[in-house]
Amino acid sequence: GGGAPTILETAERNCRDLSKVKVAISTTMGYAAPPGECISNSLLQVADNLSKRGMAVELVDPPLSWPVDAYNTLGWAEQAFALKSIVDVHGAIMDTDLVKIVEIGRRINIDEYLAASRKRAELSYAMRSFHEKYDILVTPSVPITAFSALSIAPDTDDVLRMNDWLPYSSIVNMTGQPAVSVPGGFDDRGMPFGIQFVAAAGNDSL
């Protein structure tokens with residue numbers, strides 16, 4: 001007794017009246033291909049569980065388009081800025097894909113970077129508007145179960161396409177929203193997958 005409150009106790013204190021918590025469940029975010037059946041079924045189970053706890057739950061997609069090109073532009077340019085001096089000195093012994101990303105990032109011009117920044121601002125505004133109606137957005141963490149740790153992406157070794165399998169988490173990275181991935185279950189091969197919970201920017205306590 002007398003110790004720090006558990007995560008559940010903290011959550012229940014912050015959301016004591018669960019009937020006031022509005023939850024959006026989205027399997028595709030409005031732009032991604034549908035996830036595997038086991039992931040979709042898990043999301044429906046999450047919806048049912050949250051509804052039984054008194055939350056208002058709705059199956060709905062945010063009004064968005066997938067910003068993978070803007071995500072790549074921002075991420076690669078910022079990695080190039082942060083790592084260029086290290087690559088110049090140690091590039092020969094570094095991960096070759098990382099070195100390629102830094103080289104690509106160096107070639108991004110100011111117009112491309114500012115266009116991607118504008119896209120990030122548009123997405124942030126769209127998500128702020130979405131969260132005026134829904135407190136929590138629930139999605140898959142990724143649309144597939146775990147793949148080989150030796151690969152950079154599930155179906156390609158092309159570094160230019162390495163982020164194509166991240167339609168749910170990439171947008172949260174761009175908008176700066178608090179999010180958490182929790183275990184969602186396993187497929188019939190025993191491979192795990194996750195479920196992502198997202199709140200509005202600045203609403204970490206929820």
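The values are calculated or read from the model by the stated rules, or taken from the named source; none is laboratory data. What you see is a predicted model, and the numbers here were worked out from it, not measured in a lab. Glycine gets a Cβ as well: all are built from the backbone with ideal geometry, and neighbour counts include every protein chain shown. Surface areas here come from the heavy atoms of the whole protein model, side chains and all, with no ligands, DNA or RNA. Shrake-Rupley method; radii C 1.70, N 1.55, O 1.52, S 1.80 Å.
Is it true that some residue in the stretch 116-138 is more than 23 Å from S26 (Cα to Cα), at pLDDT 90 or above and surrounded by 12 or more Cβ atoms within 10 Å (Cβ to Cβ)?
yes
Mind counting the residues in the stretch 194-206 that are buried (at least 16 other Cβ atoms within 10 Å of the Cβ) and touching a Cys at 6+ places or on another chain (Cβ under 8 Å)?
0
Just for the stretch 156-193: of the residues that are β-branched (V, I, T) and buried (at least 18 other Cβ atoms within 10 Å of the Cβ), which one is farthest from A121 (Cα to Cα)?
V159
Taking the stated definitions as given, is D61 within 15 Å of Q196 (Cβ to Cβ), open to solvent by 30 Å² or more (accessible area, probe 1.4 Å) and of a type in the set (D, E, K, R)?
It is true that D61 is within 15 Å of Q196 (Cβ to Cβ), open to solvent by 30 Å² or more (accessible area, probe 1.4 Å) and of a type in the set (D, E, K, R).
Given (1) in a helix (DSSP H, G or I); (2) open to solvent by 90 Å² or more (accessible area, probe 1.4 Å); (3) not basic (K, R), where does L150 come up short, assuming only one miss?
(1)
Given the options E132, E58, E103, name the one that is among the charged types (D, E, K, R) and assigned to a helix (DSSP H, G or I).
Criteria check complete, one pass: E103.
Determine if the stretch 87-94 includes at least one residue that is under 16 Å from the mean Cα position of the chain (by Cα) and either more than 21 Å from V159 (Cα to Cα) or open to solvent by less than 80 Å² (accessible area, probe 1.4 Å) (or both).
no
Could you say which residue among T145, T73 is among the hydroxyl-bearing types (S, T, Y) and in a loop (DSSP other than H, G, I, E, B)?
T145
Filter the stretch 1-49 down to residues that are open to solvent by less than 90 Å² (accessible area, probe 1.4 Å), β-branched (V, I, T), at pLDDT below 75 and assigned to a helix (DSSP H, G or I), then give me how many there are.
1
Quick check, is S169 out of contact with any Asp or Glu (no Cβ under 8 Å at 6 or more places or on another chain), under 17 Å from T28 (Cα atoms) and without any contact (Cβ under 8 Å) to a residue 40 or more places away in the chain?
Against the criterion (out of contact with any Asp or Glu (no Cβ under 8 Å at 6 or more places or on another chain), under 17 Å from T28 (Cα atoms) and without any contact (Cβ under 8 Å) to a residue 40 or more places away in the chain), S169 qualifies.
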